[in-house]
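Single-structure report; data block below.
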Amino acid sequence: MKGSKLPNVICVLPGTSGQVIIVGAHFDRVSAGDGVVDNWSGASLLPSLYEAIKSEPRRHTYIFIGFTDEEAGEVGSNFYVQQMTKEQVAATVAMVNMDTLGLAPSEVWASHSDQRLMSLLIYMAKLLNLPIRGVNVDKVGSTDAEQFSKRNIPRITIHSLNQQSWDAQILHTSKDKLSAIHPDEYYQTYHLVAAYIALLDQLDDTTPPK
C-alpha cells in the first residue's frame, strides 16, 4: 500500500444479499503512550463483534477492517475507499467507525454521522437502557469514517472523548495506557455496538422502527 509499511487487515463475513455493512477501526498509534485508548480500544472490538454476529443468518455482508496509518493521515482508509468500484460504493449501506473507546459512556460524533444511522443508534441504546450522547470532536481531528463520506457512503463514528477526558490530556501522550480505560463503560459500548450492527442487518432501510 503506497504511503504505508503495513496493510489494512480485512475480514469478510458473507451475507445472502449484495448489500454491505463496513465496521472499522484503526490499529496504528503514535509513539507516545501505549495506544490502548487510541485505538486498541476500537480495533480489539472488531474480532469480538465478528464473533457476536457470525452464528446468526444475515442478509448483509459484513466487512470488518482494521485500518493502517490513521495517525499518518488516514492512509489505510483512503486507500480502501479509493479502490472501491462504483458498484461496491452503491452496495455499501453503512460504515460504522470506532475510535477512542472506554474513556466514558458511549458517544457519537453527531456532526459527522449520518442522521438516520445515528437515530438507529439512539433507538438501540434506549432499547438496551444504555447511555449514548452526541459529542462532537471537530476540533480534535478527523477519523477514517470521513474517507467514506467523500464517496457518499453513510457513516457513523462512535467514540468516548468528552471534555473531561480531553482535559485529562490522554490522547497522544504517555497517559494513553490500559489504566485509562473504564472497563464497565467499555463493555457497555461493545454491547451497544454489537446490537446496533445486528439491527442494521434486519432493516430494509435505515429508518428507525416504530
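The values are calculated or read from the model by the stated rules, or taken from the named source; none is laboratory data. Given the structure is predicted, the values throughout are model-derived calculations rather than measurements. Don't worry about glycine lacking a Cβ; one is built from the backbone with ideal geometry, like all the others, and counts go over all protein chains shown.
May I ask you to say which residue of Ala90, Ala72, Ala32 is free of Cβ contacts under 8 Å to residues at least 40 places away in the same chain, farther than 21 Å from Ile132 by Cα and either aliphatic (A, V, I, L, M) or touching a strand residue (DSSP E or B) at 6+ places or on another chain (Cβ under 6 Å) (or both)?
Exactly one residue qualifies, and that residue is Ala90.
Taking into account only those residues within the range 20-52 that are surrounded by 18 or more Cβ atoms within 10 Å (Cβ to Cβ) and of a type in the set (Val, Ile, Thr), which is farthest from Leu200 (Cα to Cα)?
Within the range 20-52, the match that is farthest from Leu200 (Cα to Cα) is Val36.
Conditions first: (1) of a type in the set (A, V, I, L, M, F, W, C); (2) surrounded by fewer than 22 Cβ atoms within 10 Å (Cβ to Cβ); (3) within 22 Å of Glu185 (Cβ to Cβ). Met98 passes all but one, so which condition is the exception?
Tallying (1) of a type in the set (A, V, I, L, M, F, W, C); (2) surrounded by fewer than 22 Cβ atoms within 10 Å (Cβ to Cβ); (3) within 22 Å of Glu185 (Cβ to Cβ), Met98 fails exactly one: (2).
Test of understanding: among Lys150, Lys126, which residue is under 27 Å from Val93 (Cβ atoms) and either in contact (Cβ under 8 Å) with a residue 24 or more places away in the chain or among the hydrophobic types (A, V, I, L, M, F, W, C) (or both)? Give the derivation first.
Working: Lys126 fails: either in contact (Cβ under 8 Å) with a residue 24 or more places away in the chain or among the hydrophobic types (A, V, I, L, M, F, W, C) (or both).
Among Lys150, Lys126, only Lys150 is under 27 Å from Val93 (Cβ atoms) and either in contact (Cβ under 8 Å) with a residue 24 or more places away in the chain or among the hydrophobic types (A, V, I, L, M, F, W, C) (or both).
In this structure, does Gln188 turn out to be more than 14 Å from the chain's Cα centre (by Cα), at pLDDT below 95 and either surrounded by fewer than 21 Cβ atoms within 10 Å (Cβ to Cβ) or under 25 Å from Leu120 (Cα atoms) (or both)?
Taking the combined requirement at face value, the residue does not satisfy it.
In this structure, is Val108 under 16 Å from Tyr196 (Cα atoms), surrounded by 16 or more Cβ atoms within 10 Å (Cβ to Cβ) and at pLDDT 95 or above? Explain how you work it out, then say what you get.
Working: under 16 Å from Tyr196 (Cα atoms): yes; surrounded by 16 or more Cβ atoms within 10 Å (Cβ to Cβ): yes; at pLDDT 95 or above: yes.
Yes.
Would you be able to tell me the number of residues in the range 120-134 that are out of contact with any Leu (no Cβ under 7 Å at 6 or more places or on another chain) and either in a helix (DSSP H, G or I) or among the aliphatic types (A, V, I, L, M) (or both)?
Initial filter on the range 120-134 (out of contact with any Leu (no Cβ under 7 Å at 6 or more places or on another chain)): 121-123, 126-127, 129, 131, 133-134.
Restricting the remaining residues to those that are either in a helix (DSSP H, G or I) or among the aliphatic types (A, V, I, L, M) (or both) gives 121-123, 126-127.
Total satisfying the criteria: 5.
Just one of (1) loosely packed, with under 14 Cβ neighbours inside 10 Å; (2) within 21 Å of Ser41 (Cβ to Cβ); (3) polar (S, T, N, Q); (4) at pLDDT below 95 trips up Ser179, so point out which.
For Ser179, the failing item is (4).
With the condition kept exactly as written, say whether any residue in the range 49-60 is without any contact (Cβ under 8 Å) to a residue 60 or more places away in the chain, within 16 Å of Ala25 (Cβ to Cβ), in contact with a Phe, Trp or Tyr (Cβ under 7 Å, 6 or more places away or on another chain) and not small (Gly, Ala, Ser). Lay out the reasoning, then the answer.
Taking the range 49-60 first, the residues without any contact (Cβ under 8 Å) to a residue 60 or more places away in the chain are 50-51, 54-55, 57.
Within this subset, residues satisfying the condition of being within 16 Å of Ala25 (Cβ to Cβ) are 50-51.
Then drop every residue that is not in contact with a Phe, Trp or Tyr (Cβ under 7 Å, 6 or more places away or on another chain), which leaves 50.
Filter again for not small (Gly, Ala, Ser), leaving 50.
Looking through the range 49-60, at least one residue is without any contact (Cβ under 8 Å) to a residue 60 or more places away in the chain, within 16 Å of Ala25 (Cβ to Cβ), in contact with a Phe, Trp or Tyr (Cβ under 7 Å, 6 or more places away or on another chain) and not small (Gly, Ala, Ser).
Please verify whether the range 144-161 includes one or more residues that are part of a loop (DSSP other than H, G, I, E, B), touching a Pro at 6+ places or on another chain (Cβ under 9 Å) and surrounded by 17 or more Cβ atoms within 10 Å (Cβ to Cβ). Can you show your working first?
Initial filter on the range 144-161 (part of a loop (DSSP other than H, G, I, E, B)): 144, 150-154, 160-161.
From what is left, the residues that are touching a Pro at 6+ places or on another chain (Cβ under 9 Å) are 160.
If we keep only those that are surrounded by 17 or more Cβ atoms within 10 Å (Cβ to Cβ) too, we end up with 160.
Yes.
Inspect all residues belonging to the range 177-196 and state whether any of them is in a loop (DSSP other than H, G, I, E, B), hydroxyl-bearing (Ser, Thr, Tyr) and touching a residue at least 60 places away in the same chain (Cβ under 8 Å). Talk me through it step by step, then tell me what you get.
Of the residues in the range 177-196, the ones in a loop (DSSP other than H, G, I, E, B) are 177, 181-182.
Still in the list and also hydroxyl-bearing (Ser, Thr, Tyr): none.
No.
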